[in-house]
Amino acid sequence: MSEKVNEVCINAACGRTLPLRVAHCPFCGARQVAAAPVLEKVPAPPSLPRMPPPVPVVAPAPAPMPQPAPQPVLPPAPAPVKAPPAKPAARASVPPPRPPVRLRTWIAAAVVLTGIWFYNKPADKPASVAEQVEAATALAAQCDLDGARSALAVLKSARASAAQIKRLQANISKSAAACDRQQQRAQAWTALQDSVRQALDAGKPELAATRLAAYVKRWGDDPDTLELDAKVKVALASAQLDAADACLAKSDRVCLENSLIAAERYQRPELAARTQALRAALSQLLERSLLDASPGQ
């Protein structure tokens, strides 16, 4: 049975009294055995000359050893204040494991990369000489004569064949004449619109019709001229109906009938209601004329 001793933990942070001699403190776990001191190597002393062995001498009888005085029992030291147990070091935060990349993510990335490649892919191979000739011909047909002539100069330096150069030059010359005529027609059309509008505003539809007929004779009809012709015919028919109203006011049956016939010749549906009303008035005027001319009245 081990003897009770009063020892203190060698850990200064603990300092608890140990009831038994132990290798580790039961409170803080500190090792209670001090580390063995490191022995310093001492050089060996120089060798001394040999001495003759000493003569043995009879030793006197040993004196009795005095008994050690009993040590006084010290009262137990007060227990030190118990230090709070040290908190364990907090674990470092570890990020959660990343989920594996799914198949649909790989597919979406492949689609995006394919689209980027198609968008930024190298330009197609340069057009052939025949394709350049066709493109220049199209420019000439669109009245882009400067662009067509520039393409012709490029083709000459690109060693195009003589037949291709000649064909392109002919197309440019033909388009130049057509484009010049088209430009002149556009200028004449602008002037015609202004002159026809002025004649109609002045109440001269016949003059407007004459100017329009001269333009059509030189440049031909198109949807614009047909639309303008309809406006002029409405103005002419309206003028004849105005004359018919004047004839009706004078009760001139012959004048009224001639004006109606002239207005109906233009066949304008916009004036159909007005024409019918004048026709009814002409019928009433004719009945009155017959009644007035009948004998016995």
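The values are calculated or read from the model by the stated rules, or taken from the named source; none is laboratory data. Since this is a predicted model, take the numbers as computed values, not measurements. Positions of Cβ are backbone-derived with ideal geometry, glycine not excepted, and every protein chain shown enters the neighbour counts.
Would you be able to say whether some residue in the range 223-239 is under 58 Å from the mean Cα position of the chain (by Cα), on the phi > 0 side of the Ramachandran plot and among the polar types (S, T, N, Q)? No, there is no match, as no residue in the range 223-239 is under 58 Å from the mean Cα position of the chain (by Cα), on the phi > 0 side of the Ramachandran plot and among the polar types (S, T, N, Q).
Let's see how each residue does on (1) touching a Lys or Arg at 6+ places or on another chain (Cβ under 9 Å); (2) closer than 30 Å to Val234 by Cα:
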| residue | (1), (2) |
| --- | --- |
| Thr137 | yes, no |
| Gly147 | no, no |
| Ala162 | no, no |
| Lys166 | no, no |
| Cys179 | no, no |
| Leu192 | yes, yes |
| Ala202 | no, yes |
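Number of residues in the range 127-146 that are without any contact (Cβ under 8 Å) to a residue 12 or more places away in the chain and closer than 16 Å to Asp180 by Cα equals 3.
A quick yes/no check of all residues on (1) at pLDDT 85 or above; (2) surrounded by 13 or more Cβ atoms within 10 Å (Cβ to Cβ); (3) assigned to a helix (DSSP H, G or I); (4) touching a helix residue (DSSP H, G or I) at 6+ places or on another chain (Cβ under 6 Å):
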{"position": "Gly147", "(1), (2), (3), (4)": "yes, yes, yes, yes"}
{"position": "Arg159", "(1), (2), (3), (4)": "no, no, no, no"}
{"position": "Gln164", "(1), (2), (3), (4)": "no, yes, yes, yes"}
{"position": "Leu168", "(1), (2), (3), (4)": "yes, yes, yes, yes"}
{"position": "Ile172", "(1), (2), (3), (4)": "yes, yes, yes, yes"}
{"position": "Ser175", "(1), (2), (3), (4)": "yes, yes, yes, yes"}
{"position": "Cys179", "(1), (2), (3), (4)": "yes, yes, yes, no"}
{"position": "Gln183", "(1), (2), (3), (4)": "yes, no, yes, no"}
{"position": "Trp189", "(1), (2), (3), (4)": "yes, yes, yes, no"}
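The listed residues are Ser289, Ser259, Ser283, Ser238, and the only one of them that is polar (S, T, N, Q) and within 23 Å of Gln198 (Cβ to Cβ) turns out to be Ser238. Selection of the range 195-247 for residues being within 29 Å of Ala178 (Cβ to Cβ), of a type in the set (D, E, K, R) and part of a loop (DSSP other than H, G, I, E, B) yields Asp221, Asp222. If you go through the range 10-43 and keep only what is modelled with pLDDT of 80 or more and in contact with a Ser or Thr (Cβ under 8 Å, 6 or more places away or on another chain), you end up with nothing. Taking each residue of the range 184-205 that is at negative phi and looking for partners that are surrounded by fewer than 15 Cβ atoms within 10 Å (Cβ to Cβ) and of a type in the set (A, V, I, L, M, F, W, C) with beta-carbon atoms closer than 9 Å, six or more apart or interchain, yields Leu192/Ala214.
Comparison of Leu260, Leu291, Leu282 shows that the only residue that is in a helix (DSSP H, G or I) and closer than 18 Å to Pro205 by Cα is Leu260.
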